[in-house]
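J.: Below is the structure I would like to discuss, written out as structure tokens.
The values are calculated or read from the model by the stated rules, or taken from the named source; none is laboratory data. The model shown is predicted, which means the values in this text are computed figures rather than measured ones. No Cβ is skipped: glycine too gets one built from the backbone with ideal geometry, and neighbour counts run over all protein chains shown.
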Amino acid sequence: MINEVYQFQYSRPVRKGEKDPDNEFSNMWIERTTYTTAYKLPGILRWFDVRSVSTEEISPLENAMETMQLTNEKISNMVQRHLNDSNLPINPLSMLLNGIVDPAVMGGFTNYEKAFFTEKYQGDHPEDQEKLDKLKDLIAWQIPYLADGVRIHGEKVSEALRPFHDRLEACFKQLREKVEKQYGVKTLQTVLARATYS
């Protein structure tokens, strides 16, 4: 529980432009509203005055970048928790990894590729090149985190779930080959050095 909170955010999806039946991400904007209260919560009052309200729009590309960043952090945190506590149940790790690496389950960054990594998008939005490069970088960085997750999953999986893990490994291998070919190879040692010096 976190105390002394005075800022709250509310995000809602907003569609702009023509709806693309093949890819919902291409025109999915996020309207993010931030409320700032006069006093920090929790408190003894039943209600608190809102001092300010601000709203910003987040473009579909920026939303994709945020989503990839949050997914990478989620994988990293889950891996760290399993490294720190070998008694953690494996099911949350299984569901997280499966949702990302299994093409039958995943929509993930494949949808971003269809929406943003096209000649049409790049021609219409030359100002987004730096953001596109950042999104590609975030996709590449996901692979070493997933590799650790799959490795830990393999060490902890029961024999009854071994076929599930074997499928997970096969899907991850295909994903890794595709991502490393298209976006480059990243390693966790580089991540640590990067975190230290950036």
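J.: Do we have Lys16 as of a type in the set (Lys, Arg), outside the structural domain of Pro144 (by TED's automatic domain parsing) and closer than 17 Å to Phe116 by Cβ here?
T.: Values: of a type in the set (Lys, Arg): yes; outside the structural domain of Pro144 (by TED's automatic domain parsing): yes; closer than 17 Å to Phe116 by Cβ: yes.
Yes.
J.: OK, next. So is Gln80 assigned by TED's automatic domain parsing to the domain that holds Glu169, part of a helix (DSSP H, G or I) and touching a residue at least 40 places away in the same chain (Cβ under 8 Å) or not? First the steps, then the outcome.
T.: Values: assigned by TED's automatic domain parsing to the domain that holds Glu169: yes; part of a helix (DSSP H, G or I): yes; touching a residue at least 40 places away in the same chain (Cβ under 8 Å): no.
Here the answer is no, as Gln80 does not meet what is asked.
J.: What helices (runs of 4 or more DSSP H) completely inside the stretch 119-198 contain at least 2 residues that are of a type in the set (A, V, I, L, M, F, W, C) and modelled with pLDDT of 90 or more?
T.: Details: elements: 119-124, 129-156, 162-183, 188-197.
Where helices (runs of 4 or more DSSP H) fall fully within the stretch 119-198 and carry at least 2 residues being of a type in the set (A, V, I, L, M, F, W, C) and modelled with pLDDT of 90 or more, they are 129-156, 162-183.
J.: If you take the residues in the stretch 88-114 that are outside any helix (DSSP H, G or I) and modelled with pLDDT of 90 or more, which one is surrounded by the fewest Cβ atoms within 10 Å (Cβ to Cβ)?
T.: Going through the stretch 88-114, the residues outside any helix (DSSP H, G or I) turn out to be 88-90, 102-107.
In the following step, the residues that additionally are modelled with pLDDT of 90 or more were identified as 88-90.
Working: Leu88: 15, Pro89: 9, Ile90: 17.
So, considering only residues that are outside any helix (DSSP H, G or I) and modelled with pLDDT of 90 or more, the one surrounded by the fewest Cβ atoms within 10 Å (Cβ to Cβ) is Pro89.
J.: Scan the stretch 12-39 for residues that are under 22 Å from Ser54 (Cβ atoms) and surrounded by 14 or more Cβ atoms within 10 Å (Cβ to Cβ) and report the count.
T.: Counting residues in the stretch 12-39 that are under 22 Å from Ser54 (Cβ atoms) and surrounded by 14 or more Cβ atoms within 10 Å (Cβ to Cβ) gives 7.
J.: Another question, if that's okay. Would you mind finding the one in Thr110, Thr118 that is within 28 Å of Met28 (Cα to Cα), in the same structural domain as Met65 (by TED's automatic domain parsing) and more than 16 Å from the chain's Cα centre (by Cα)? Give the derivation first.
T.: Numbers: Thr110 fails: more than 16 Å from the chain's Cα centre (by Cα).
None of the other options fit; the residue is Thr118.
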